[in-house]
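Computed from the coordinates by the stated procedures, all read-outs in this text should not be read as laboratory data. Please read all numbers here as calculations on a predicted model, not as lab measurements. Quick reminder, even Gly has a Cβ in these numbers, built from the backbone with ideal geometry, and neighbours come from all protein chains shown.
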Amino acid sequence: MKNSILRLFGILAISASFLTSCSSDDDNSPSSTFEVNPLDFKGQINDGEVILNAGTVYKLTGRLQVNTGATLTIPAGTRIEGVGGTASFIAVAQGGKININGTVSNPVVMTSGLAVKAPGDWGGLVICGKAPINRVTGGASTAQSEVAELTYGGTTAADNSGTIRYLRLEYCGAAFNSEKEFNGLSLFGVGSGTTVEFVQAFHGADDGFEFFGGTVNTSNLVAFGNEDDQFDWTEGWIGTNTNWYGKVSFGKGNRGIEADNFELGFANTPLSNPTINNMTLVGPGSTASSATYPENDGLKLRRGTRGIMNNVVISGWADAFDVEHDETIAGVGTSLKATNVTITDFTNKSKGKNTAGTTVDVSSVFTETTSATGAGNGTATPTWATGWTTGL
């Protein structure tokens, strides 16, 4: 009888423990030694998986880094607020993973935690992968990221840094100098095994999205009101993309797209050569002040970049296509072209100059139509962007 009673108490104790663990709403990091402090959210995640709690607001006070072999999982509805200036950012190192599992009605939001929000209130999201870059021709090189100072690049084209779905990045970014810039989302050598879709970069202090080499593919990206370029690529990025919507706002901004192969090696391989289907770029207006908008270009294509684009709407730019340098011009109309393009409110549909600075005809960089839909709804907000974005 005594043994039966002891066994009964043992079963009840185990059951109570199980119920307590299941009912806890604390951050779930059973396989990681990292300790989450929502009021001082920073540090190095070195092992296991850290799963955040959607019911908690996390105050990002410094650098949060996900290292090799570790995973950070962020459920739908989670809010992370940067409060430490550009010292506050999230970085994923080579071999680390981030899984952002937002939904259309409940996106993950990374934003400013200040009472009065402004561009540059925090750094942004930086991901470093092992896919090829072209800082040394041939694509086998690695480099240090211009922010976060992490290694990126390599030979693993299908490298997987995680999954990002339904994410809003607000009020981040900073331009320290021409070689060091925080963007909304910075992708350094990120591989094609990584998923990036339904992401908005909103009112950042530099570029919305920037690709530094790699092979990552994207879909359904919104860049709105970022103070430099809405989209930027360099260092041999090769990716397939669908549904990009970029728009200048808030009285400040630069180009819709700034596209390079590599600034120190225009012919370095692999060549930057993305494919983009269904894209809209809306500028400040073709007659906007040149003092406020000195580089009023829909697409600046230079330094040897390639790229194939289709179903494109370009509106409100002084120059729809601005093409520079011999290596870039060599691809015009073949490996560098946009088809089914509708251009409205422009000064020049295209302009070009070679490396010597001589004006050249680059009009074959695009073919025109009157019926392009761009990202889905012409210059207006596409239907796929409703419900999870802001400001549109």
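Against the chain, whose longest principal axis is taken from its Cα atoms, helix 2-23 shows a tilt of about 20°. Across the stretch 302-392, the mean sequence separation of Cα contacts (distance under 8 Å, 6 or more residues apart), normalised by length, yields a relative contact order of 31 percent. What does a probe at residue 326 reach in the stretch 290-312, counting residues whose amide N is under 18 Å from the point 7 Å along Cα→Cβ? Label zone hits: 302-306.
Can you grab the distance from the C-alpha centre of the stretch 178-223 to the C-alpha centre of the stretch 45-116, Å, no decimals? What the calculation gives is 16 Å, centre to centre. Taking a Cβ cut-off of under 12 Å around residue 119, the surrounding Lys, Arg, Asp and Glu residues balance to a net charge of -4, with basic ones at +1 and acidic ones at -1.
Around the amide H of residue 263, modelled in the peptide plane, lie the amide H atoms of 235, all under 5 Å away and 5 or more residues distant in sequence or on another chain. Based on the reciprocal of the average 1/r between different C-alpha atoms, the Kirkwood radius for the stretch 272-357 equals 13.1 Å.
For residue 353 and residue 180, calculate 0.36 nm times their separation in residues minus their Cα-Cα distance, and state this gained length in nm to one decimal.
Contour length minus the Cα-Cα distance gives 59.5 nm.
Expressed in Å, the radius of gyration and Dmax of the Cα atoms of the stretch 242-392 are 15.0, 48. Taking one quarter of the surface of the convex hull spanned by the alpha-carbon atoms of the chain gives a direction-averaged projected area of 21.1 nm². For the stretch 38-52, backbone phi angles converted through the Karplus equation (6.51, -1.76, 1.60; θ = phi - 60°) give residue-by-residue couplings of x, 8, 9, 7, 6, x, 10, 8, 9, 7, x, 10, 9, 10, 6 Hz, Gly and Pro being listed as x.
For the stretch 253-324, state which trypsin sites (Lys or Arg not before Pro) are in a DSSP loop and have at most 15 other beta carbons lying within 10 Å of their beta carbon. Spell out each step's value before the answer.
Values: sites: 255, 300, 302, 303, 306; in loops: 255, 302, 303, 306.
Nothing satisfies the criteria.
Of the DSSP beta bridges with both residues in the chain, give the percent that are antiparallel, rounding to the nearest 5. Taking every DSSP beta bridge with both residues in the chain, the antiparallel ones total about 10 percent. Net charge near residue 347: determine it from the other residues with C-beta under 12 Å of the C-beta of residue 347, scoring Lys and Arg +1 and Asp and Glu -1. For residues surrounding residue 347, the net value is -2.
Taking amide H as placed 1.01 Å from N in the peptide plane, the amide H of residue 82 sits under 5 Å from that of 60, 111, 112, 113, each at least 5 places away or on another chain.
Working note: Karplus 6.51/-1.76/1.60 with θ = phi - 60° gives the stretch 270-275 the couplings x, 6, 4, 7, x, 10 Hz, where Gly and Pro are set to x.
Coupling constants for the stretch 208-225 follow from the phi torsions by the Karplus curve (6.51 cos²θ - 1.76 cosθ + 1.60, θ = phi - 60°), and in residue order they are x, 10, 9, 10, 9, x, x, 10, 5, 9, 9, 8, 6, 9, 10, 10, 10, x Hz; glycine and proline get x. Only lysines eight or more places from residue 42 in sequence, or on another chain, were considered; those with a Cα closer than 29 Å are 59, 97, 117, 130, 180. Length gained on full extension, residue 252 to residue 267: 2.1 nm, using 0.36 nm per residue less the C-alpha separation.
Bin width 10 Å, origin at 0, all Cα-Cα pairs of the stretch 56-153: what percent of pairs per bin? P(r) over the stretch 56-153, rounded to whole percents: 16, 39, 32, 12, 1. Remark: the chain carries a charge dipole of roughly 860 debye about the Cα centre, counting +1 on each Lys and Arg Cβ and -1 on each Asp and Glu Cβ. Normalised size of the stretch 229-331, defined as Cα radius of gyration per 2.2 N^0.38 Å with N residues, equals 1.05. Taken over the alpha carbons of the stretch 199-285 as equal point scatterers, the Debye sum produces base-10 log I(q)/I(0) values at 0.18, 0.22, 0.26 Å⁻¹ of -0.73, -1.00, -1.23. Shown is the FRET efficiency for residue 392 and residue 76, computed with R0 = 22 Å from the Cβ-Cβ distance and rounded to the nearest 0.05: 0.60.
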